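The structure under discussion appears below in the form of structure tokens.
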Amino acid sequence: MPNIISASQFNKSEIEKILSRAKAVEESVQNGNVNQLLKNKIIACVFFEPSTRTRLSFETAALKLGAQVISAENAMENSSAHKGETIEDTTKILCSYADVVVIRHPAVGTLEKAAKVATKPLINAGDGNNQHPTQGLLDLYTIKKEHGRLDNLNIGFGGDLLNSRTLKSLVPLLRLYEGNKFYFISPKELQLPREFVKDLKDQGVLLEELRSLEEKLPELDVLYMTRVQKERFTNPIDYEKVKDLFVLKKEHLRNMKKNAIIMHPLPKINEIELEVDSDPRAAYFRQAQNGLYIRMVLLLYVLGL
Ligand code: CP
């Protein structure tokens, strides 16, 4: 039974199949002729953390494919987790109702715990600051669509890298392709965990860590901005100190390549000036749209369809 827990679980051949199918699915959505392959299936979307894109794109994906959806949002308050039910018991119950269970949870490792008792495929929709594999795949699909390739790219990540589960999902996917170089740009307080950087270096991944957003802008093919994640700070004063340190401004765009793209998993708060949205290189709304096609494919993938 295939679960989707971590981006690292995919090999290059599986990734290529997923991306190629996403293209076909996208065309079928655009043409209005989606095959109802999930007719009579039920998809459960249970979110213990807030979400706009992930939950609603999974639900849209399920509905487009003919499935029905059961859903719990704000599940920390509105499910029996509030009364102290364990994730294992919740998972057993969800698996007795639905054919696929999609879970987002603030605690790192929740999906691994749930997978030990699951009798239906599970999909990780984000666990704390650890993994968001479906976002990693939709980001990869976006880069492929925008640049026409996934290799020999200079990719800069800016902002709160410490807490970015989307970075930790996208980098393991991109490192499977030749010649990619990563620039990790953040204040020291929000730098990547040391063990994550060490693992990449041990694997021979080309990378640099930087403190200034401006320095490498002219070299980047992809600038992936991230939000400073207020909800992960225990001390609000620490958040206030770093929240506005990295802001992509319209004036920065002059120094970027004409065919570079600006990505962001969204939601964005202050880290990208509003004027940037209208630049054709701002790819983040197209990126969010791509989530629908990738999630349609991933629902089919876990069901072996
Ligand atoms: N990118 C992303 O995970 O967005 P949501 O938090 O709105 O689902």
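Where a number appears in this text, it was derived from the coordinates with a stated rule and is not lab data. Keep in mind that this is a model prediction, so the values were computed, not measured. Here the Cβ positions follow ideal geometry from the backbone for every residue, glycine too, while neighbour counts run over all protein chains shown.
Remarks
- The calculated P(r) of the stretch 64-176, using every Cα pair and 10 Å bins from 0, goes 12, 37, 30, 17, 4, 0 in percent.
- Gain on full extension, evaluated as 0.36 nm per residue between residue 92 and residue 219 minus their Cα-Cα distance, stands at 40.8 nm.
- One way to sum up the overall shape of the stretch 1-151 is the equivalent ellipsoid from its Cα gyration tensor, whose semi-axes run 27, 18, 14 Å, largest first.
- Options 48, 75, 95, ranked by Cα towards positive dipole end of the chain, top entry (Cβ charges): 95
- Neighbours of residue 47, meaning other residues whose beta-carbon lies under 12 angstrom from its beta-carbon, give a summed charge of -2 when Lys and Arg score +1 and Asp and Glu score -1.
- Burial ranking of peptide ranges 254-262, 283-291, 105-113 (average Cβ count within 10 Å, highest at the top): 283-291, 105-113, 254-262
- Spin-label pair residue 71/residue 188, simplified geometry with 7 Å Cα→Cβ offset, distance in nm: 4.5 nm
- For the chain, modelled as a GNM whose springs connect Cα atoms under 10 angstrom apart, the maximal fluctuation among 83, 120, 92 occurs at 83.
- Only DSSP H runs of four or more residues enter the estimate; each adds -39500 (n - 2.57), and after division by the residues of the chain the mean residue ellipticity at 222 nm equals -11500 deg cm²/dmol.
- Net charge, residue 250 excluded, C-beta distance under 13 Å - Lys, Arg +1, Asp, Glu -1: -2
- Whole-number percent relative contact order across the stretch 133-288, with pairs defined as alpha carbons under 8 Å at least 6 apart: 24 percent
- For the stretch 107-161: rounded, prolate or oblate by the Cα gyration tensor [a/c cutoff 1.5]: oblate
- Short-range pairs are left out: with C-alpha atoms under 8 Å and at least six residues apart, the relative contact order of the chain is 20 percent.
- Taking the DSSP bridge list for the chain and keeping only pairs wholly inside it, about 5 percent are antiparallel.
- Per-selection Kirkwood Rh - the stretch 133-288 (Cα, Å, 1 d.p.): 15.6 Å
- Viscosity 1.567 mPa s, temperature 4 °C, Stokes-Einstein D of the chain from Kirkwood C-alpha radius, µm²/s: 65 µm²/s
- Lys, Arg +1 and Asp, Glu -1 on Cβ, resulting dipole of the stretch 133-288 about Cα centre, debye, nearest 20: 240 debye
- The residues 233, 58, 246, when put in order of fewest to most other Cβ atoms within 10 Å, stand as 233, 246, 58.
- Cross-link table 144/258; 23/250; 64/230, entries beyond 25 Å C-alpha to C-alpha: 23/250; 64/230
- Kirkwood analysis of the stretch 228-305, using all unique Cα-Cα pairs, places the hydrodynamic radius at 15.0 Å.
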